[in-house]
Amino acid sequence: MLIRVVDNKIYRINNGLTPEQELEFAENNANAGFMIIDGLPQVDPDQGKHFKFDGEDIVPDDERNAVDAQKIVNDS
C-alpha cells in the first residue's frame, strides 16, 4: 500500500499504479514522505478511517477521526 506521511499523519495514495510501479515511485520519492506499508491495522469501523504514526506503530488518528464523527452528527 502506497502512503504519504506528513507530520506523522498517514495519507493513503490510490493512483492506479501497479504494486511494482508504487514501489518504484516510493523509492524515488522517499524524501517527500512516500513509502510502502503492508497495510493498515484492523480497527472497528467506529474508530474512523484516519491513521498516524505513534513512534513506529500505526494507530488510529483520534483527532482527525473526531472531526469526521462530528461532521456526521452535524449533518444529521
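Exactly one residue out of Ile10, Ile72 is in contact with a His (Cβ under 8 Å, 6 or more places away or on another chain) and of a type in the set (Val, Ile, Thr): that is Ile10.
Every condition in (1) modelled with pLDDT under 95; (2) surrounded by 10 or more Cβ atoms within 10 Å (Cβ to Cβ) is met by Ile36 except one, and the failing one is (1).
Take the residues of region 15-33 that are polar (S, T, N, Q) and at pLDDT 95 or above: which is most open to solvent (accessible area, probe 1.4 Å)? Here the residue is Asn31.
Of the numbered criteria (1) at pLDDT below 95; (2) within 15 Å of Asp62 (Cα to Cα), the one Ile10 fails is (1). Within region 39-76, restricting attention to residues that are in contact with a Phe, Trp or Tyr (Cβ under 6 Å, 6 or more places away or on another chain) and closer than 14 Å to Val6 by Cα, the residue that is least open to solvent (accessible area, probe 1.4 Å) is Asp61.
If I ask for residues that are over 14 Å from the mean Cα position of the chain (by Cα), among the polar types (S, T, N, Q) and assigned to a loop (DSSP other than H, G, I, E, B), which ones from region 29-76 would you list? Hits for region 29-76 are Asn29, Ser76.
Pairing each residue of region 41-58 that is within 20 Å of Ile13 (Cβ to Cβ) with any residue that is part of a helix (DSSP H, G or I), provided the two are 6+ apart or on different chains, yields C-beta distances under 6 Å for Gly48/Asn65; Gly48/Asp68; His50/Arg64; His50/Asn65.
Taking the stated definitions as given, is Gly48 small (Gly, Ala, Ser) and closer than 24 Å to Val73 by Cα? Outline the logic, then answer.
Numbers: small (Gly, Ala, Ser): yes; closer than 24 Å to Val73 by Cα: yes.
For Gly48, the condition - small (Gly, Ala, Ser) and closer than 24 Å to Val73 by Cα - is met.
The values are calculated or read from the model by the stated rules, or taken from the named source; none is laboratory data. If you're wondering where the values come from, they're calculated on a predicted model, not measured in any experiment. Neighbour counts run over all protein chains shown; Cβ positions are idealised from the backbone, glycine included. SASA here: full protein model, heavy atoms, side chains in, ligands and nucleic acids out. Shrake-Rupley method; radii C 1.70, N 1.55, O 1.52, S 1.80 Å.
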